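Novice: Provided herewith is a single structure, encoded as structure tokens, for subsequent inquiry.
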Amino acid sequence: MSLKSILAAAAIAAAAAGVAVPSQAADPLKIGVLFPLSGPMALIGNEAYQAAEVARDMINKRGGVLGRPVTYAVADAPAPTAANAEATRLIVREKVPVIAGSYASSLALAASEVAEREGALYWETIAVADKITQRKYKNTIRLTFNASMMGQTAADFAKDISGKLGKDPKDLRIAVISEDSEFGQSVGDAAANQTKTLGMQLVANERYSRTVNDLSSLVLSLKAAKPDAVIATSYLNDAALFWRQVRELDLHIPAMIGIGTGYALPDFLAATGASADGIFDVDAPASPNVSNLPEATQKLYAEFIEGFRAKEKRDPGPLGLIAFGGFWTLFTDVIPRAGSTDLAALRKAAYATDLPDGSLLTGAGVKLNQIGEKEAGQNTRALISVMQWQEGKLQVVWPQSAANAEMRKVPLPKWSDR
């Protein structure tokens with residue numbers, strides 16, 4: 001008897017016994033996922049990937065996408081050369097229709113170039129460099145805000161708190177510092193330009209290598225500049241190093257405005273201790289005011305937090321929320337509307353996405369600049385907040401519509417008074 005006959009007979013017998021016979025399993029829907037899972041950016045890269053895993057598990061519990069279970073072809077890209085090679089492998093060998101990732105702007109620039117050339121959709125959830133959506137690519141979509149939005153928001157916030165600092169905006173002295181990657185330079189330039197546009201005084205605009213192990217010369221130059229506020233774009237290690245040396249060299253900064261996840265991670269708090277209290281961070285909200293979200297988003301938020309805690313035994317940071325939102329939008333909105341994984345269908349569906357504010361866990365929505373428009377593929381409904389470390393917790397304090405706490409310690413006390 002053939003195998004086919006045996007299986008048919010077994011099915012008939014099972015049916016006669018009243019046993020349900022599952023249909024043939026659908027082929028998995030394989031999605032390329034690219035993050036820095038090793039190397040100096042691994043801490044944050046793994047945070048984002050962990051959120052992506054929760055999104056995959058949640059959608060598969062709902063039956064998958066287009067009736068197919070979602071699986072990941074995972075790529076570790078600690079540097080741009082690896083991102084280029086791994087994106088090529090994912091598309092050419094793994095045959096993925098979409099690559100999602102990637103956290104770092106340098107990685108996004110390299111991987112999205114491959115996707116454009118090889119004919120796949122590139123779905124960026126986190127990286128912010130302006131250049132990512134300035135190359136007139138048709139296949140690159142960015143769900144989060146860009147560098148200019150971050151830098152401009154930091155300067156806007158500095159002006160907004162000028163009264164708390166006892167200054168008129170035109171007299172407010174702003175120092176802008178940033179690490180020298182594509183990310184840092186893009187954000188730093190935007191912050192410096194917005195500072196001048198708003199009529200405030202730009203007293204310093206400095207760059208440094210994020211791999212540096214001594215920032216004392218930078219701290220001393222800031223001490224001479226006497227800023228009322230420092231706007232700093234950093235990764236984790238350089239953020240912690242800078243703040244430690246600010247304290248060691250007794251530099252008083254009335255308002256410290258960090259930009260990026262380097263200032264938002266629990267590891268920053270662990271490295272700086274109680275001295276972090278009062279520091280601001282410009283990023284997606286780590287702890288959004290959930291009560292202000294639509295009911296459906298509140299339920300999704302609770303499900304994600306429960307799933308993340310079950311896998312990682314802790315709460316996600318802001319990048320976890322951002323990454324989840326990117327993958328969830330892809331799984332529940334874009335691919336279902338495309339109806340297939342054909343590139344033209346995916347691209348058409350992506351550009352037609354129209355999710356109102358409050359649809360994502362951060363409170364953001366999704367509406368893209370169209371092909372032919374400036375920064376095609378950029379989400380115009382991305383949400384940026386200002387958070388503040390308060391007694392070991394990162395609280396959203398600005399804008400008021402997203403805040404879950406009042407800001408404190410403006411200005412920061414001098415080191416001798418702490």
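The values are calculated or read from the model by the stated rules, or taken from the named source; none is laboratory data. Just so we're clear, the structure is a prediction, and the values are computed from it rather than from any experiment. No Cβ is skipped: glycine too gets one built from the backbone with ideal geometry, and neighbour counts run over all protein chains shown.
Novice: Filter segment 360-417 down to residues that are among the β-branched types (Val, Ile, Thr) and in contact (Cβ under 8 Å) with a residue 40 or more places away in the chain and give me whichever is nearest to Ala129 (Cα to Cα).
Specialist: So the first thing to find is which residues in segment 360-417 are among the β-branched types (Val, Ile, Thr), and the list is 362, 366, 371, 380, 384, 386, 396-397, 410.
With in contact (Cβ under 8 Å) with a residue 40 or more places away in the chain added as a condition, the list becomes 362, 366, 371, 384, 386, 396-397, 410.
Details: Thr362: 20, Val366: 18, Ile371: 19, Ile384: 15, Val386: 19, Val396: 24, Val397: 25, Val410: 30 Å.
The qualifying residue nearest to Ala129 (Cα to Cα) is Ile384.
Novice: Quick check on Ala271: is it out of contact with any Phe, Trp or Tyr (no Cβ under 6 Å at 6 or more places or on another chain), of a type in the set (A, V, I, L, M) and within 19 Å of Leu383 (Cα to Cα)?
Specialist: Values: out of contact with any Phe, Trp or Tyr (no Cβ under 6 Å at 6 or more places or on another chain): yes; of a type in the set (A, V, I, L, M): yes; within 19 Å of Leu383 (Cα to Cα): no.
No; evaluated as a whole, the condition is false for this residue.
Novice: Within segment 110-140, count every residue that is within 19 Å of Ile371 (Cβ to Cβ) and not basic (Lys, Arg).
Specialist: To start, the set of residues in segment 110-140 that are within 19 Å of Ile371 (Cβ to Cβ) comprises 112-113, 115-124, 130-140.
Among the residues that remain, those that are also not basic (Lys, Arg) are: 112-113, 115-116, 118-124, 130, 132-134, 137, 139-140.
Result for segment 110-140: 18.
Novice: Filter segment 71-81 down to the residues that are surrounded by fewer than 21 Cβ atoms within 10 Å (Cβ to Cβ) and not hydroxyl-bearing (Ser, Thr, Tyr) and list them by number.
Specialist: Across segment 71-81, the qualifying residues are Ala73, Val74, Asp76, Pro78, Ala79, Pro80.
Novice: Let me ask something else about it. For residues in segment 329-345 being within 15 Å of Ile99 (Cα to Cα) and in a loop (DSSP other than H, G, I, E, B), which is farthest from the chain's Cα centre (by Cα)?
Specialist: Asp342
Novice: Exactly one of these conditions fails for Ser416: (1) at pLDDT 95 or above; (2) under 28 Å from Pro316 (Cα atoms). Give me its number.
Specialist: (2)
Novice: Among the residues of segment 221-241, how many are closer than 18 Å to Asp281 by Cα, surrounded by fewer than 23 Cβ atoms within 10 Å (Cβ to Cβ) and without any contact (Cβ under 8 Å) to a residue 40 or more places away in the chain?
Specialist: Count: 2.
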